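A.B. asks: Here you go, one structure.
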Amino acid sequence: MNHPQLKNLTLEEKASLLSGGSFWTSAAIERVGIEAATLTDGPHGVRKQDGQADHLGINDSLPSTAFPTAAATGSTWDPELLERLGEALGRESRVLGVDVLLGPGVNIKRSPLCGRNFEYFSEDPILTGKLGAAWVRGIQSQGVGASVKHFAVNNQETDRQRISAEADERTLRELYLRGYEIIVEESRPATFMCSYNRINGVFASENRWLLTTVLRDEWGFDGYVMSDWGAVTDRVPTLEAGLDLEMPTSSGRGTAAIVDAVQRGQLDESVVDVAAARVVDVHERLRADRVEITEVDWDAHHELARELAAASAVLLKNEGDILPLPADDGGPIAVLGEFARSPRYQGAGSSHINPTRLDDALNAIRDRTSRTVLFAPAFAVEEEGPIAGDDEALLAEARDTAAQADVTILFLGLPSIDESEGYDRTHLRLPARQLRVLEAVLKVAPKVVVVLSNGGVVDVSSFDSRVDGILETWLSGQAGGGAVSDILFGDREPGGRLAETIPLRLEDTPTLINWPGANGKVYYGERIYVGYRWYDKTARDVAYPFGHGLGYTSFAYSDLTVDADHTGARVQVTVTNTGSRRGADVVQVYVADPEASVDRPVRELAGFQKVTLESGASQRVVIDLPARAWAFWDDGWRAESGRFGVAVGTSSRDIRLSTEVEIAIPDDIRALDEDSTLNEWMEHPEGRLLLETELANLHPEARNLTGGETLRLAGSIPLRTLVGMAGASDPGTLVNSLLARL
Ligand code: BGC
């Protein structure tokens, strides 16, 4: 082995580098100058513990900025902003002594019930991949490594340590792996974290196809792979599969198992060398990339958290332009709901942050407006169980408060026990207590705006048509309260667009009959049809579609042009701000392949861009699509010649302009074999010629097979069977001789 630091190490020393040195560090070997690296959560803040360690968010950590969670930042559709978030996380990591921050979490939101959806960006792999890559570029620009997690197909918490996600390869490639692939292509992540679960029966940590064939050999990943905390059950097969670093420390067990396997001749020492070199190299590379930083401007980071929270908030509905509210004109404003003063701003589990400060919306609103602000807590947050006398009193107070105000801002959301790492949700409803308050308020309040705080989507259909506005703020971090006030009074626009569909009912969701699995398996029976791909394919109504979100101005789209060939496309469209104030919109490009030989989604997101324009201004927006925009997985990426739809919209269901392009894919010829059908022969340019000229010579009765009516009836029958039925004495040899001549 050539690595300078590793050359003189004993086998045992090299093996020791492949397990954690402690709960949050890699191992050090002082005599050759190999330092330990600190690896810690992640992803929306730095969870550096200096006391008792745990990976469940139980014990405290040092103060750091609790930025908005991924459910929020996913809704920004803004890679540039995510890059700035990454940079800020990098600075905090550097000052807190963290070398690798465990994120981003880029699992696809397969079901709204996943308890950890707040840590993931989207139901769409392109949006996920682009945002994830930006986050990684940002943090790594500071010399701090990312750990892209949880690789892969970890889409539920139920039985997460053992369950086998049973999914076909097309589903994996097009949906569940695509985001990771984009991140590797666009940001050279330092590390990956493998997930706990099995994939088609094999633990992710032992999955050589996943960790080596796909990740390294196909995508070119050149960092190291670590395990999720405790995801290694058998160290030697995980190492052979491509899992370089076992985390946390296994107190010597992992090292002993590796040494033993080498000594018994069951494991080649070169496997140990390669993995050790990867770990040491990545840590060295990060050290070399470090920028000098000794202090964090915590106020600036708090302000960034506020900007991000506003850019993440999705205004679902704004009847009669109820928002923004005049700050200095009008009657009393009723602020109702415990969440207005005790915000729910982050999720439970390993990502839990000890924030540097915490804004609440109530104080932020009071600070901002000269109007009278009335407040009532309206409900107790964490309580479950029968409605009691206290609830009645809180409800009566809330109703009376709403009755005195011109407008009511009602803060509703999920209690933290409803969604967390470690378990899944069982329904999409807001707590009954909160819905009772809403009903009572609706009876007396002239205008009602609901502000939601939740990580996974909630059912809004029971009240949607009866309120004036709904602002979805997700779990919006420590400055979320200030951001709500910014949005309510128009100091900032609500910048978010849905990164996941809000369904009408749980029963409409794609995983209904395949969730959360049983007997150790969960079948991904809906295949690639997750999120809008499902709702569009099955023509289901939704409460709010993927991509939806209102700002405070309006935009017109015109002059769509698409220059396309098999290498991709350049999509151009003119966007004009037709409203009276500056604002941003997210231009979304969807592609359809209506002539595909396989089932394909009605439309798929292929590219997007956020544009900010002054009132009256126009911009020619240019979005380039890669060749992959046309392709599907069929034992390899394959695209078929023909007509494609290219559409530009502001959600998956609000398509503003669309056009069609004709794409000729070179070598788009399906190879023929012994099983090929008559249709397949006729679609193959040379096969067709051969059949038409040679078939009659080969067997007289077969002459009519290629005629119109016969082709329609018999097109799906293998040629071998057809010529056999037509009387050929040796059909197999006949077809083989044709194949040989092609
Ligand atoms: C989580 C990871 C986390 C790790 C360390 C695990 O339980 O799944 O996301 O990075 O703990 O805290």
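A.B. asks: Per DSSP H run of at least 4 residues, take -39500 (n - 2.57); add these up for the chain, divide by its residues and hand me the 222 nm value, nearest 500 deg cm²/dmol.
C.D. replies: -8500 deg cm²/dmol
A.B. asks: For E686, E680, write out the residues from largest to smallest accessible area, computed with a 1.4 angstrom probe and no ligands counted.
C.D. replies: E686, E680
A.B. asks: With the cut-off at 22 Å, tell me which of the pairs K109/K537; K109/K447; K14/K149 have Cα atoms farther apart than that.
C.D. replies: Listed pairs above 22 Å: K109/K447; K14/K149.
A.B. asks: Work out the FRET efficiency for I513 and Q52 from their Cβ-Cβ distance, taking R0 = 35 Å, and round it to the nearest 0.05.
C.D. replies: Efficiency for this residue pair is about 0.25.
A.B. asks: What number comes out for the charge environment of R178, summing +1 per Lys or Arg and -1 per Asp or Glu over other residues with Cβ under 13 Å away?
C.D. replies: Residues close to R178 contribute a combined charge of -4.
A.B. asks: Apply 1/(1 + (r/R0)^6) to the Cβ-Cβ distance of E674 and R570, taking R0 = 35 Å, and write down the FRET efficiency to the nearest 0.05.
C.D. replies: 0.25
A.B. asks: Treating only the Cβ of Lys, Arg, Asp and Glu as charged (+1, +1, -1, -1), what charge dipole size does region 586-742 show about its Cα centre? Round to the nearest 20 debye. Mind showing how you got there, number by number?
C.D. replies: Working: 15 positive and 25 negative charges, 118 e Å.
Taking the Cα centre of region 586-742 as origin, the dipole is about 560 debye.
A.B. asks: Could you calculate the contour length gain from L713 to A380, that is, 0.36 nm times the residue separation minus the distance between their Cα atoms, to one decimal place in nm?
C.D. replies: Result for the pair: 113.1 nm of gain on full extension.
A.B. asks: In what sequence, largest accessible area first, do K537, K317, K149 appear using a 1.4 Å probe?
C.D. replies: K537, K317, K149
A.B. asks: So what's the net charge close to D424: Lys and Arg +1, Asp and Glu -1, counting the other residues with Cβ under 14 Å from its Cβ? Don't skip to the answer; put the middle values down first.
C.D. replies: Details: positive: K109, R110, R116, R160, R425; negative: E119, E157, D159, D418, E419, E421.
Cβ neighbours under 14 Å give a net charge of -1.
A.B. asks: In whole percent, how big is the carbon plus sulfur part of the accessible area of region 555-663, probe 1.4 Å, protein atoms only? Walk me through the numbers before you get to the answer.
C.D. replies: Details: 1930 of 4460 Å².
The computed percentage sits at 43.
A.B. asks: Per the Kirkwood definition applied to all pairs of different Cα atoms, how many angstroms is the hydrodynamic radius of region 555-663?
C.D. replies: When all Cα pairs of region 555-663 are included, the Kirkwood radius is 14.5 Å.
A.B. asks: Given the options A15, L323, G179, identify the residue whose Cα lies farthest towards the positive end of the charge dipole of the chain (+1 on Cβ of Lys, Arg; -1 on Cβ of Asp, Glu).
C.D. replies: Result: L323, furthest along the dipole toward the positive end.
A.B. asks: Also: Using Cα-Cα distances under 8 Å and only pairs 6 or more residues apart, what relative contact order does region 313-388 have, in percent?
C.D. replies: 45 percent
A.B. asks: Cα centroid distance between region 329-390 and region 211-226, in Å?
C.D. replies: Rounded to whole Å, the Cα centres lie 45 Å apart.
A.B. asks: I'd like the FRET efficiency for T426 and I387, computed as 1/(1 + (r/R0)^6) with the beta carbon distance as r and R0 of 22 Å, rounded to 0.05. Could the numbers behind the result be given before it?
C.D. replies: Numbers: r = 20 Å, r/R0 = 0.92.
Plugging the Cβ-Cβ distance into 1/(1 + (r/R0)^6) gives 0.60.
A.B. asks: Write down the accessible area per residue of the chain in Å², having rolled a 1.4 Å probe over the full set of protein chains.
C.D. replies: Accessible surface, normalised per residue, equals 37 Å².
A.B. asks: Okay, next question. Kyte-Doolittle cut-off -1.0, length cut-off 18 Å along the helix's own axis using Cα: show which whole DSSP H helices in the chain pass. Each step should come with its number before you reach the end.
C.D. replies: On the way: long enough: 79-96 (25 Å, -0.32); 125-140 (22 Å, 0.51); 269-289 (30 Å, 0.06); 298-312 (21 Å, -0.43); 389-403 (21 Å, -0.43); 432-444 (19 Å, 0.59); 685-698 (19 Å, -0.03).
Helices meeting the criterion: 79-96, 125-140, 269-289, 298-312, 389-403, 432-444, 685-698.
A.B. asks: For G732, what is the net charge nearby, where nearby means another residue's Cβ is under 14 Å from its Cβ and Lys, Arg count +1, Asp, Glu -1? Write out the running numbers ahead of the final one.
C.D. replies: Working: positive: R720; negative: D673, E674, D675, D730.
Neighbour charge sum, excluding G732 itself: -3.
A.B. asks: Sequence gap at least 6, Cα distance under 8 Å: using those rules, report the relative contact order of the chain to the nearest whole percent.
C.D. replies: This gives 13 percent for the chain.
A.B. asks: Report in % the part of the accessible area of region 1-77 that belongs to carbon and sulfur, leaving out ligands and nucleic acids; probe 1.4 Å.
C.D. replies: 47 percent
A.B. asks: With charges set only on the Cβ (+1 for Lys and Arg, -1 for Asp and Glu), what does the dipole of region 555-663 come to about its Cα centre, in debye to the nearest 20?
C.D. replies: Charge dipole, region 555-663, about its Cα centre: 600 debye, nearest 20.
A.B. asks: Rounded to the nearest 10 Å², what accessible area does W630 have for a 1.4 Å probe in the complete protein model?
C.D. replies: 0 Å²
A.B. asks: Still on this structure, I have one more. Positive end of the charge dipole of the chain (Lys, Arg +1 and Asp, Glu -1 on Cβ, about the Cα centre): tell me which of W515, S164, P503 has its Cα farthest that way.
C.D. replies: P503
A.B. asks: Which one, S641, G583, A569, projects farthest toward the positive side of the charge dipole computed for region 555-663 from Cβ point charges (K/R +1, D/E -1)?
C.D. replies: G583
A.B. asks: With N denoting the number of residues in the chain, provide Rg(C-alpha) divided by 2.2 N^0.38 Å, to two decimal places. Kindly include the intermediate steps, with their values, before the conclusion.
C.D. replies: Working: Rg = 28.7 Å, N = 742, 2.2 N^0.38 = 27.1 Å.
Taking the Cα Rg and dividing by 2.2 N^0.38 Å, one obtains 1.06.
The values are calculated or read from the model by the stated rules, or taken from the named source; none is laboratory data. In this text, all values refer to a predicted model and were calculated from it rather than measured experimentally. We place every Cβ from the backbone using ideal geometry, glycine too, and count neighbours over all the protein chains shown. Ligands, DNA and RNA are excluded from the accessible area calculation, which covers all protein heavy atoms including side chains. Shrake-Rupley method; radii C 1.70, N 1.55, O 1.52, S 1.80 Å.
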